[in-house]
Amino acid sequence: MENLPRFTAAAVQTAPVYLDAPATVDKAIALIREASANGAELVVFPESFVPGYPYWNWTMNPVQGSPWFERLYRSSIDVPGPHVDALRAAARQYGVVLVIGVNERGPHSLGVLYNTLLTIGADGELLGVHRKLVPTWAEKLTWTGGDGSSLKVHPTPIGPLGALACGENTNTLARFTLLAQGELVHASCYIALPVAPADYDMADAIAVRTAAHSFEGKVFSVVACSTISPEMVDAIAGDDEDVRSMLARPRSALSGIFGPDGRPVTEPLIDDDGIVYADIDLAKCIQPKQMHDIVGHYNRFDIFQLHVDNRPRTPVTFSTEPTPPYEHTSAATHPATEINGTTKEEA
């Protein structure tokens, strides 16, 4: 611990190539290359960046939105899969730790999509696959919730790294679970939310949540938020001027880097596309923790206890290994079956 990491972080604020996973991955790789050229060793992308966020859940009724769910499902990615391989290769080529949001198809059901954050090491290793625990509000029409198995902090060259998606950064227990594992660098991944209630300022909401986690945990937070491109407005709103106006609402996105005092390290980016860079020195986490270390001396673990069920959840649990199909086994394993008094072999 004598030499805590010092590095440059990059928070990417931009729009996906909507509902086009290959093109969005290509765009991400180009931005990784740009960030690396500017010295970044950690690059954080928005929530559900590949291939985009289901805004129709907020602008259409569920029946109208159903065909859009199918479009998103067909455009989403498999983990592992070729799109993940391309991102892993880019992280390895440019030597960056990468956090990026994707829509992940469930391996067992055509009805399952996860809002997933991938954490990839600078060597290209897939370190983490975190599925958003609770889809927020209208998001429940699209995403299935994850489980506690992915609430992990990953050791990386830039320090102990954790990540949460959007509204999860309001979940005190989820945040504490990461802090209690030694998190010092937190990736917060968001989407632009112009469809929120009229009195809701998304830029302020992101800043408040990011500042709270940084200050409470005495950690650095890198927050990346998406934007909405004109092409996305055309696709989602069509000729509906009310929806077009809604999607153009200002102060819907904020990206930046916040320090352990809860303050932005550099000026955050609001609404516009771009990359925010900042230098991070993890040694700056030490002195603030002497005052408030909520995972150490500034807590009462004899009074408070947090139990996290981190077992992976699956749709079915078998008491024994399922029997393989007959045609995939030998006759020695499965004796001949009688069919109307005749063995299967004789039949």
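The values are calculated or read from the model by the stated rules, or taken from the named source; none is laboratory data. If you're wondering where the values come from, they're calculated on a predicted model, not measured in any experiment. For neighbour counting, all protein chains shown are included, and Cβ atoms are generated from backbone atoms with ideal geometry for every residue, glycine included. Surface areas here come from the heavy atoms of the whole protein model, side chains and all, with no ligands, DNA or RNA. Shrake-Rupley method; radii C 1.70, N 1.55, O 1.52, S 1.80 Å.
If you go through the range 108-126 one residue at a time, do you hit one that is outside any loop (DSSP other than H, G, I, E, B), surrounded by fewer than 21 Cβ atoms within 10 Å (Cβ to Cβ) and not small (Gly, Ala, Ser)? For the range 108-126, residues outside any loop (DSSP other than H, G, I, E, B), surrounded by fewer than 21 Cβ atoms within 10 Å (Cβ to Cβ) and not small (Gly, Ala, Ser): present. Restricting the first member to the range 180-208 and to residues that are aromatic (Phe, Trp, Tyr), and the second to residues that are in a helix (DSSP H, G or I), the beta-carbon pairs closer than 6 Å and six or more apart or on different chains are Tyr190/Cys166; Tyr190/Ile206. Taking the range 123-152 as the range and being among the hydrophobic types (A, V, I, L, M, F, W, C) and closer than 16 Å to Pro62 by Cα as the test, the residues that pass are Trp137, Ala138, Leu141, Trp143. Would a scan of the range 26-48 turn up a residue that is surrounded by fewer than 19 Cβ atoms within 10 Å (Cβ to Cβ), hydroxyl-bearing (Ser, Thr, Tyr) and within 18 Å of the chain's Cα centre (by Cα)? The answer is no; no qualifying residue exists.
Of everything in the range 150-169, what is over 19 Å from Phe7 (Cβ atoms), hydrophobic (A, V, I, L, M, F, W, C) and in a loop (DSSP other than H, G, I, E, B)? Give them in sequence order. Leu151 - this is the single residue of the range 150-169 that is over 19 Å from Phe7 (Cβ atoms), hydrophobic (A, V, I, L, M, F, W, C) and in a loop (DSSP other than H, G, I, E, B). Taken together, the residues in the range 69-80 that are in contact with a Ser or Thr (Cβ under 9 Å, 6 or more places away or on another chain) and open to solvent by 40 Å² or more (accessible area, probe 1.4 Å) amount to 1. Looking only at residues in the range 157-181 that are of a type in the set (A, V, I, L, M, F, W, C) and in contact with a Ser or Thr (Cβ under 9 Å, 6 or more places away or on another chain), the one that is farthest from Ala207 (Cα to Cα) is Leu161.
Entry remark, the range 81-95: residues being in a helix (DSSP H, G or I) and either surrounded by fewer than 19 Cβ atoms within 10 Å (Cβ to Cβ) or free of Cβ contacts under 8 Å to residues at least 24 places away in the same chain (or both) number 6 in total.
Scanning the range 170-194 for residues that are open to solvent by less than 20 Å² (accessible area, probe 1.4 Å) and either more than 22 Å from Gly296 (Cβ to Cβ) or in a loop (DSSP other than H, G, I, E, B) (or both) gives Glu183, Ala187, Ser188, Cys189, Tyr190, Ile191, Ala192, Pro194. Filtering the range 1-27 to residues that are outside any strand (DSSP E or B) and either touching a helix residue (DSSP H, G or I) at 6+ places or on another chain (Cβ under 6 Å) or hydrophobic (A, V, I, L, M, F, W, C) (or both) leaves Met1, Leu4, Pro5, Ala15, Pro16, Val17, Tyr18, Leu19, Ala21, Ala23, Val25. Number of residues in the range 136-157 that are out of contact with any Lys or Arg (no Cβ under 9 Å at 6 or more places or on another chain) and open to solvent by less than 10 Å² (accessible area, probe 1.4 Å): the value is 1. A single entry from Val233, Val243 fulfils the requirement of being over 29 Å from Gly182 (Cβ atoms), open to solvent by less than 30 Å² (accessible area, probe 1.4 Å) and in contact (Cβ under 8 Å) with a residue 40 or more places away in the chain: Val243.
Being at pLDDT 95 or above, β-branched (Val, Ile, Thr) and closer than 23 Å to Glu2 by Cα is the requirement here; does Ile294 meet it? Yes: the conditions hold for Ile294. The single condition among (1) open to solvent by less than 100 Å² (accessible area, probe 1.4 Å); (2) in contact with a helix residue (DSSP H, G or I) (Cβ under 8 Å, 6 or more places away or on another chain) that Asp293 does not meet is (2). Only one of the listed residues (Phe220, Phe215) is open to solvent by 40 Å² or more (accessible area, probe 1.4 Å), of a type in the set (A, V, I, L, M, F, W, C) and at pLDDT 95 or above. That residue is Phe215.
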